[in-house]
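One structure below.
The values are calculated or read from the model by the stated rules, or taken from the named source; none is laboratory data. As the structure is a computational prediction, the values presented were derived from the model and not from experiment. With ideal geometry, Cβ positions are generated from the backbone for all residues, glycine too; neighbour counts draw on all protein chains shown. Surface accessibility is based on the protein's heavy atoms, side chains included, excluding ligands, DNA and RNA. Shrake-Rupley method; radii C 1.70, N 1.55, O 1.52, S 1.80 Å.
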Amino acid sequence: QVQLAESGGGLVQPGGSLRLSCAASGSIFSINAMGWYRQAPGKQRELVASITSGGSTDYGDSVKGRFTISRDNAKNTVYLQMNSLKPEDTAVYYCNAQVRLRLWTRPEDYWGQGSQVTVSS
């Protein structure tokens, strides 16, 4: 079994910063891409940022230039540094990891429990 443990959400004023962390643990052979998604009330879940095991990154258009994703492969951990936060960034943020449990198995998607990020004055 694989668990993704998120931390770092909270309440911040517009223009402020937050850093989310997500650590994967359990019976892991390897992890391909890791990423962050978010879901605001009444909206579909959307990609915020993703990063491959080699360090290639991708960002949603609304966060480019403000958010930075990074990962520590030795710790199976992914981070999301969020700067210049706006009220429209308010959402539940979910960590995702594409985990291979054995050498001969296909990667499977695992999700964190979700972290509330609220941007408000």
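General observations
- Residue within the stretch 34-53 that is out of contact with any Leu (no Cβ under 9 Å at 6 or more places or on another chain) and part of a helix (DSSP H, G or I) present: no
- Close pairs (9 angstrom Cβ cut-off, 6 or more residues apart or separate chains): over 28 Å from residue 25 (Cβ atoms) and of a type in the set (Asp, Glu) in the stretch 81-101, modelled with pLDDT of 95 or more and surrounded by 15 or more Cβ atoms within 10 Å (Cβ to Cβ) anywhere: 88/119
- All positions within the stretch 80-99 that are part of a strand (DSSP E or B) and over 15 Å from residue 53 (Cβ atoms): 80, 81, 82, 91, 92, 93, 94, 95
- Residue, farthest from the chain's Cα centre (by Cα), within the stretch 24-55, restricted to residues that are open to solvent by less than 40 Å² (accessible area, probe 1.4 Å) and within 17 Å of residue 117 (Cβ to Cβ): 40
- Residues in the stretch 1-33 that are modelled with pLDDT of 95 or more, assigned to a loop (DSSP other than H, G, I, E, B) and among the polar types (S, T, N, Q): 13, 17.
- The set of residues in the stretch 65-99 that are of a type outside the set (S, T, N, Q) and open to solvent by 60 Å² or more (accessible area, probe 1.4 Å) comprises 65, 74, 75, 86, 87, 88.
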